[in-house]
Amino acid sequence: MIGLIMFAVCLGLLLLGFPVAFTFGGAAVVFGLIAEGQGMFAMMPHRIWSVMNNTILMAIPLFIFMGIILQKSKLAERLLESMGFLFGEMRGGVAISTILVGALLAASTGVVGASVVAMGVISLPVMLKYNYDKKLATGAICAAGTLGQIIPPSIILIILGDVFQVPVGDLFMAAFWPGVSLVLFYVIYIAILTYFKKDLAPPIHLDGKEYGTKKQQVIRALKAIIPPLTLIVLVLGSILFGVATPTESSAVGGVGAVILAGMYRQLSIKMVWNSALETVKITAMVFAILVGATAFSMVFTYTGGDYLVEDFMMGLPAGKWGFLILSMLVIMVLGFFIDFVEISYIIVPILAPIAANLGINPIWYAILVAMNLQTSFLTPPFGFSLFYLKGVSPSEVKTTDIYKGVVPFIIIQVFVLAILIVFPEFFGISSIY
Amino acid sequence: MLLKVERILDRFSDVIGWISAVLMLVMLVNVFYDAILRYFFRTGSIAMQELEWHIFSIVFLFGISYALKEEGHVRVDVLYDGFSPKVKAIVNIAGTVFFLIPLAYLIISGSIWFVHESYSMGEISGDPGGLTHTYLIKAVIPLSFIFLIISALGFVVRNIRIYRGLEPFPQQKIEDNIL
Amino acid sequence: APKYRWKLAQTWGTGFPIFGDAVIKMADLVKEMSNGEMEIRIDSANKHKAAFGVLDMVKAGQYEMGHSASYYWKGKDMNTMFFTTMPFGMIAPEQYAWFYYGGGMELMKEVYDRHGVYSYPGGNTSNQMGGWFQKEINSLSDLQGLKMRVPGFAGEVLSKLGVVVTNIPPGELYTALDRGTIDALEWVGPSLDLNMGFHKIAPYYYTGWHEPATELQFLVNQKKFDALPKHLQKILEVAMEFSAYDMYARSYNDSAVNIDKLGTEYPNVKVKTFPKDVIAAMKVENEKLLQASAAKDPMFKKIYDAQTAYMKKARRWTEISDYAYLKDNLE
Ligand code: NA
Ligand code: NA
């Protein structure tokens, strides 16, 4: 019971505006002390140690650094502007470019904090510069940054492979088409929306003053696109060709960005130094949230919250369709409040055997869960992607802009999830063993 | 007087931030170097690989202090934006006194046994050619939260001055650098 | 309501097969045999987040019990590694004989007394496999520059033979082996490896040398154990001992089932044994490393000598009994 009260209280406290990380941690302190006393907090160094040891998380500072260098050297701006320009009459070009670049980045990292922040740093300033609607801009960035969880490699899929006892590689393969479909639907949505609501995304006029021919402009745009795109492809390539692990590929990106900035004569010691300081600040923001959240989940589980949730799940009805729909709904609702790792390890182990009994293909079900959990990063009030993006946004972008901005993208995810439930064959996945 | 205290404490947070920034660049080179060495020269050392996450840990743990001073920690601004500077200052002072400092204190006191145990056992890495003196990196946990308390004092002093109207309310500083 | 409510921290995640099942079996036995007087709550790594902090937490009394493997504490106390398995060491029946009748338990107690922890055998995985390889190993030169993920003491031995020992987090192992970032990796054995899917990306599955009888470990905080009434102490010991043996049988079965499945569903995977000269070189390096540690620490030497002496005796019987029987049957 304490866990639930803590959730409600924490929600209220967050509204006061004290930093999210310390509000999570503070709520944990208050309720932890009441419920169990000071002794419980001797577990905290172990929990922080496990974050320190989790080398996959090194991708966060490294990708953030890459993003900031690309941003400060104006390379990111040119990439997105040029891509936006190439979409020509289609408005929302920068937002669409954001989704596409986000998808590429997603293929090289499975860490949401890394991709959301990198995309926020790279593309939010550009969209704001071109007077994009703040809600559309932030929604697109959160959606693009969160793609990392469904497009392999992905932490969620790795954890679910463990929980479902299925090969991670099979999950990676199964997740590919659902991930690509998401990208496609995002793009279609943005194209349609900006076609009808023209003021949401003004078109880009590339070097409007120099009246080159259309052809010259296109060539200029292509030239601007190639270098940063090469860098991102290089990051991906370093994984594919076995040069680097996915985590190490983020360092390839960071070093590559510095070299690229040098080639464009944008490099200075001051610029690298400021980028490093900025990276430290943003990285610390992300990890402070992780530390606060781990204190929070410690108190939640150690006061019996995990058993509470477990009992509830035991009461789900049987029958394939009833089970599928209800279990998805429950995961989605829980995703509003609980971290995806908690859900994967507390809820999913209860659901997995039930699904197996109903003859449901564990790979299909795992992908459904992964799609669903991906959504939880975007759902207000506790969606971590929202916090991360807010953390790198200028103060003119309000939390409510982000909250409202992600709603259409959440709806798209639910829509794709629904197709995946009804027509798994579309995605090359079998629904039964 | 308060201004002087605030400046000293802010200076301290800056220095911590600088250390983290240097280490962040070292870490970038470290990870890159390890991957290149393994792929092109088929060699490498466990110590260098372990160094990666040791540096990474210091970067994010020390960085928390710096981010506090730089207004880098994300807030939900739904109501906060509408508050007067006085109310904002009260939120910040109360949050620091009742949430941040107790959390940091509990982590510090909870870490003492954890670090001492590692020290008295002479703990080293369990992998071949790994790093020794594990207690040093474990000690970074309490150390970073001691730093956080020091930075938090600076944060409180600043908010006291804001409350008294001696200082304008700082904007989130992200935009100065990014935009 | 139970008079004694204990908490156990395990290194494994929720629902982790075989290892986790042994712990559940132990806890269930305690509850039933004590007629509900004692209950043990199991916390998995995803709850306590300290997979490799189990010794710390039991020692500090945050948990009364733990389930892990003794060689994980090698960095804290070198002498703990003898109580899991040793490269070129005893096989499971020999090692169980050593633990319970050959002085093993006494030596383990001597090592763990200093930590205030009562250590008990926690279930055997049976012989572990040498790992998944992308290339065939035909000679010692094939090990030169071979990029392999292999932790702990086995990694130390292999690094002496020119293997580039690489740290890769478990979550990235599949991608790394698939893309050739590493050439080989060591995991557990057929009972658990198939879940990771390595058989789909690596053609060679080498037999083991480094972990012939991996024994997991129950840890009990000594003070908490001493505070239990006599009959509950006995119940706990019986439950631990039974579930450990039971896990050995279970591992054997799951390995048998999976290796059969591997053979029929993935006929392209070749099960190989390292060439004789490679094995011989590993043995030499292993011996050198152990002797070097023994020279530095008298307790290390004491355990090492005791194990070596016991193995010699037990191996003689293994040769005459199982080995002779198998040899005649297989030929
Ligand atoms: Na990904
Ligand atoms: Na959420």
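The values are calculated or read from the model by the stated rules, or taken from the named source; none is laboratory data. All of these numbers come straight from a predicted model, not from anything done at the bench. So basically every Cβ, Gly included, is an ideal-geometry build from the backbone, and we count neighbours across all protein chains shown.
If you check A:Leu334 against the conditions, is it within 17 Å of A:Thr146 (Cα to Cα), of a type outside the set (Phe, Trp, Tyr) and surrounded by 18 or more Cβ atoms within 10 Å (Cβ to Cβ)?
On the way: within 17 Å of A:Thr146 (Cα to Cα): no; of a type outside the set (Phe, Trp, Tyr): yes; surrounded by 18 or more Cβ atoms within 10 Å (Cβ to Cβ): yes.
The answer is no for A:Leu334.
Would you point out the residue of region B:14-29, among those that are at the interface with chain A (Cβ under 8 Å from one of its Cβ atoms) and surrounded by fewer than 22 Cβ atoms within 10 Å (Cβ to Cβ), that is farthest from the chain's Cα centre (by Cα)?
To start, the set of residues in region B:14-29 that are at the interface with chain A (Cβ under 8 Å from one of its Cβ atoms) comprises B:17-18, B:20-22, B:24-25, B:27-29.
Next, from what is left, pick out any that are surrounded by fewer than 22 Cβ atoms within 10 Å (Cβ to Cβ): B:18, B:22, B:25, B:29.
Details: B:Trp18: 11, B:Val22: 14, B:Leu25: 16, B:Val29: 21 Å.
In this case the residue turns out to be B:Val29.
Would you mind telling me which numbered condition in (1) surrounded by fewer than 24 Cβ atoms within 10 Å (Cβ to Cβ); (2) closer than 20 Å to C:Val220 by Cβ; (3) of a type outside the set (Phe, Trp, Tyr); (4) in contact with a strand residue (DSSP E or B) (Cβ under 9 Å, 6 or more places away or on another chain) C:Ala92 fails?
Condition (2) is where C:Ala92 drops out.
Quick one: how many residues across region A:366-392 are within 11 Å of the chain's Cα centre (by Cα), more than 10 Å from chain B (Cβ to nearest Cβ) and more than 12 Å from ligand 2 (Cβ to nearest atom)?
Qualifying residue count for the region: 0.
Please work out which one of (1) under 20 Å from A:Ile410 (Cα atoms); (2) more than 16 Å from ligand 1 (Cβ to nearest atom); (3) within 12 Å of another protein chain (Cβ to nearest Cβ) is the condition A:Val166 fails and give its number.
(1)
For the structure I just gave you, tell me whether A:Leu389 is more than 16 Å from ligand 1 (Cβ to nearest atom), assigned to a helix (DSSP H, G or I) and within 26 Å of A:Gly120 (Cβ to Cβ).
On the way: more than 16 Å from ligand 1 (Cβ to nearest atom): yes; assigned to a helix (DSSP H, G or I): yes; within 26 Å of A:Gly120 (Cβ to Cβ): yes.
When the stated conditions are applied, A:Leu389 passes them.
Which members of region A:144-154 meet the condition of being part of a helix (DSSP H, G or I), within 8 Å of ligand 1 (Cβ to nearest atom) and either free of Cβ contacts under 8 Å to residues at least 24 places away in the same chain or not polar (S, T, N, Q) (or both)?
Across region A:144-154, the qualifying residues are A:Leu147, A:Gly148.
Exactly one of these conditions fails for B:Thr96: (1) assigned to a loop (DSSP other than H, G, I, E, B); (2) within 12 Å of chain A (Cβ to nearest Cβ). Give me its number.
Single failed check for B:Thr96: (1).
Are any residues in region C:33-50 modelled with pLDDT under 90 and either farther than 26 Å from A:Ala295 by Cβ or in a helix (DSSP H, G or I) (or both), and if so, which ones?
Scanning region C:33-50 gives C:Ala45, C:Asn46, C:Lys47.
Go through (1) more than 7 Å from chain A (Cβ to nearest Cβ); (2) outside any helix (DSSP H, G or I) one by one and return the number of the condition B:Asp77 breaks.
For B:Asp77, the failing item is (1).
From the list A:Leu75, A:Leu136, A:Leu70, exactly one residue is farther than 24 Å from A:Val255 by Cα, away from ligand 1 (no atom under 16 Å from the Cβ), away from chain C (no Cβ under 14 Å) and among the aliphatic types (A, V, I, L, M). Which is it?
Numbers: A:Leu75 fails: farther than 24 Å from A:Val255 by Cα; A:Leu70 fails: farther than 24 Å from A:Val255 by Cα.
On inspection, the qualifying residue turns out to be A:Leu136.
Each row is one residue, and each column tells you yes or no for (1) on the phi > 0 side of the Ramachandran plot; (2) surrounded by 12 or more Cβ atoms within 10 Å (Cβ to Cβ); (3) of a type in the set (Phe, Trp, Tyr).
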position: C:Arg250; (1), (2), (3): no, yes, no
position: C:Ala256; (1), (2), (3): no, yes, no
position: C:Phe274; (1), (2), (3): no, yes, yes
position: C:Asp277; (1), (2), (3): no, no, no
position: C:Glu285; (1), (2), (3): no, yes, no
position: C:Thr308; (1), (2), (3): no, yes, no
position: C:Glu319; (1), (2), (3): no, no, no
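Could you list all residues from region C:175-190 that are facing chain A (nearest Cβ under 7 Å) and assigned to a loop (DSSP other than H, G, I, E, B)?
C:Gly180, C:Thr181 - these are the residues of region C:175-190 that are facing chain A (nearest Cβ under 7 Å) and assigned to a loop (DSSP other than H, G, I, E, B).
Of the residues C:Asp254, C:Asp193, which single one is within 12 Å of another protein chain (Cβ to nearest Cβ) and within 20 Å of C:Lys270 (Cβ to Cβ)? Quick ask: steps written out before the conclusion?
Values: C:Asp254 fails: within 20 Å of C:Lys270 (Cβ to Cβ).
Unique residue meeting the criteria: C:Asp193.
Can you run down the residue pairs with Cβ atoms below 6 Å, 6 or more apart or on separate chains, where the first is in region C:166-179 and crowded, with 22+ Cβ neighbours inside 10 Å and the partner is modelled with pLDDT of 85 or more and of a type in the set (Lys, Arg)?
From region C:166-179, the pairs are C:Thr166/C:Lys147; C:Thr166/C:Arg149; C:Ile168/C:Arg149.
Which residue, of A:Ser385, A:Ser395, is among the polar types (S, T, N, Q) and crowded, with 22+ Cβ neighbours inside 10 Å? Steps first, please.
Values: A:Ser395 fails: crowded, with 22+ Cβ neighbours inside 10 Å.
Just one listed residue meets the conditions, A:Ser385.
Specify the residue that is nearest to the other protein chains (Cβ to nearest Cβ); the eligible residues are those in region A:107-126 that are away from ligand 1 (no atom under 16 Å from the Cβ) and in contact with a Gly (Cβ under 9 Å, 6 or more places away or on another chain).
Step one: filter region A:107-126 for residues away from ligand 1 (no atom under 16 Å from the Cβ), giving A:120-126.
Still in the running and in contact with a Gly (Cβ under 9 Å, 6 or more places away or on another chain): A:120-123, A:126.
Working: A:Gly120: 9, A:Val121: 6, A:Ile122: 10, A:Ser123: 12, A:Val126: 10 Å.
This residue is A:Val121.
Taking region B:1-47 as the search range and keeping residues that are among the small types (Gly, Ala, Ser) and touching a residue at least 40 places away in the same chain (Cβ under 8 Å), which one is farthest from B:Ile124 (Cα to Cα)?
We begin by selecting, within region B:1-47, every residue among the small types (Gly, Ala, Ser); these are B:13, B:17, B:20-21, B:35, B:44-45, B:47.
From what is left, the residues that are touching a residue at least 40 places away in the same chain (Cβ under 8 Å) are B:13, B:17, B:20, B:45, B:47.
Values: B:Ser13: 31, B:Gly17: 28, B:Ser20: 24, B:Ser45: 15, B:Ala47: 11 Å.
That would be B:Ser13.
So is A:Lys129 away from ligand 2 (no atom under 16 Å from the Cβ), within 14 Å of chain B (Cβ to nearest Cβ) and over 20 Å from the mean Cα position of the chain (by Cα) or not?
On the way: away from ligand 2 (no atom under 16 Å from the Cβ): yes; within 14 Å of chain B (Cβ to nearest Cβ): yes; over 20 Å from the mean Cα position of the chain (by Cα): yes.
Spelling it out, A:Lys129 is indeed away from ligand 2 (no atom under 16 Å from the Cβ), within 14 Å of chain B (Cβ to nearest Cβ) and over 20 Å from the mean Cα position of the chain (by Cα).
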